[in-house]
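See below for the structure under consideration.
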Amino acid sequence: MCSWVNVTHTSLVQPPRGGQRPVERSLNSDCPNMRDVDDSDLAHTRRGEADHHTGPAPSPTTEGKPMQVPAQFAYAKAGSVDEAIALLRRHGPDALVVAGGHSLIPMMKLRLAEPTALIDINGLSELTGVAVQGDEVRLGAMVRHGEVLDSPVVREHFPILADAERLIADPIVRNRGTVGGSLCQADPSEDLSAAFSALRASVVIRSADGERVVPVREFHHGPYETAVAHGELLLEVRVPIRAATGSAYQKIERRAGDWAVASAGAVVTLDGDTVVDVGIGLTAVGAPHFVAPEAEDALRGGPATDDAFAAAARVAAEHCSPSADQRGPVDYKRHLVGELVTRTLQRATARARGEA
Ligand SMILES: Cc1cc2nc3c(=O)[nH]c(=O)nc-3n(C[C@H](O)[C@H](O)[C@H](O)COP(=O)(O)OP(=O)(O)OC[C@H]3O[C@@H](n4cnc5c(N)ncnc54)[C@H](O)[C@@H]3O)c2cc1C
């Protein structure tokens, strides 16, 4: 059973540290309680500074200084997945679930998100755990980044995830942020989406009407837009285990723990020296669905050679759509895509051969 309380402000998490990152457009059509965000809003959010407020909804002030506090909202801690879904439905389209809170709470503090109710899913054991089930690995939506990083199952089957997790933020964020929260936030610079897309993972989404399975490659409808509709909960991610397969992830960041300037992940399945299947994920460079399908097509069925990898990487660099921003110009980001795709294909292939 849950109990509702009214909360007028909170400090569940610290505001994000670090610099700005691009936001191409927003916001979630499934989250009508969230208003549009522009670069100045997020610059303010990420600095975590209260020197001025640029958003259209002014924060309360103390002695003339803006405060970073959320608007009033109701709070309920769900006791089960079914109860969380019932609470979402009962409270209407302006209710949101809170997982790690590392993205949602800072946005609420700056009134970029104004849910009328928060449904806390942190106590739900149904959403935890990393386990092999048949020929898949299942990761619950509430698995923390740190748990993915420490998981022997992940290290054995999907080194791409361990590579990516090592590069996400810092231990404080990794101890709290979740797999489900990362996917549902759908930030264009988010790392796990690219890794799961390269792995051709699927997610399980439940509503009061039942469950559906959605490939991660179809999950993101755009920046901050996903397949999760009002009244639905992301339950788990399922990743297929493939034989003769290696994977790797690399990221260029301005400083340790920062969001990506560009990132790439590769998953290579070999039959001898032939690439029988390949997945290439990209982050922060405007790749639709976080993937490079043209580069995958260029490589699939061909030789696993450095020349072939470089050619596929050129295709990936050509087809992505990075934006110029404080992290660098378009040409630089395309250059990074070329380098990172080449290197991750090489490393994934070495791992598939048991050489790394
Ligand atoms: C300082 C800082 C640096 C960061 N750096 C990086 C980085 O380099 N790379 C990177 O990839 N990420 C980075 N992140 C993001 C971080 O990794 C978190 O994963 C992310 O903030 C969201 O996860 P969360 O569990 O905190 O989600 P929350 O903030 O709780 O939720 C985010 C959104 O997802 C929804 N949601 C959450 N869980 C579910 C569910 N099960 N079903 C349906 N909807 C759900 C919420 O309603 C909300 O809209 C950074 C975050 C911070 C604060």
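The values are calculated or read from the model by the stated rules, or taken from the named source; none is laboratory data. Keep in mind the model is a prediction, meaning the values are calculated, not measured. Virtual Cβ from ideal backbone geometry, glycine too; neighbours counted across all protein chains shown.
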Revision key, fill the gap. Within the range 243-261, the residues that are buried (at least 20 other Cβ atoms within 10 Å of the Cβ) and either within 23 Å of Asp273 (Cβ to Cβ) or of a type outside the set (D, E, K, R) (or both) are Thr245, Gly246, Ser247, Ala248, Tyr249, Gln250, Ile252, Trp259, Ala260, Val261
Exercise for review: Identify the single condition in (1) surrounded by fewer than 22 Cβ atoms within 10 Å (Cβ to Cβ); (2) under 22 Å from Glu236 (Cα atoms); (3) not basic (Lys, Arg) that Asp94 does not satisfy, given that it satisfies every other one.
Suggested key: (2)
Exercise for review: Mind listing whichever residues of the range 118-144 are touching an Asp or Glu at 6+ places or on another chain (Cβ under 8 Å) and basic (Lys, Arg)?
Suggested key: Arg138
Exercise for review: Might you check whether a residue that is at pLDDT 95 or above, of a type in the set (Val, Ile, Thr) and surrounded by fewer than 22 Cβ atoms within 10 Å (Cβ to Cβ) occurs anywhere in the range 271-294?
Suggested key: yes
Point to revise | Considering residues of the range 114-124 that are in a strand (DSSP E or B) and hydrophobic (A, V, I, L, M, F, W, C) only, the residue farthest from Ala244 (Cα to Cα) | key: Ala117
**Study point:** Search result, residues across the range 102-112 that are near the ligand (Cβ under 6 Å from one of its atoms) and touching an Asp or Glu at 6+ places or on another chain (Cβ under 9 Å)
**Key:** Ser103
Exercise for review: Would you point out which residue out of Ile168, Ile119 is farther than 22 Å from Ala201 by Cβ, within 14 Å of the ligand (Cβ to nearest atom) and surrounded by 20 or more Cβ atoms within 10 Å (Cβ to Cβ)?
Suggested key: Ile119
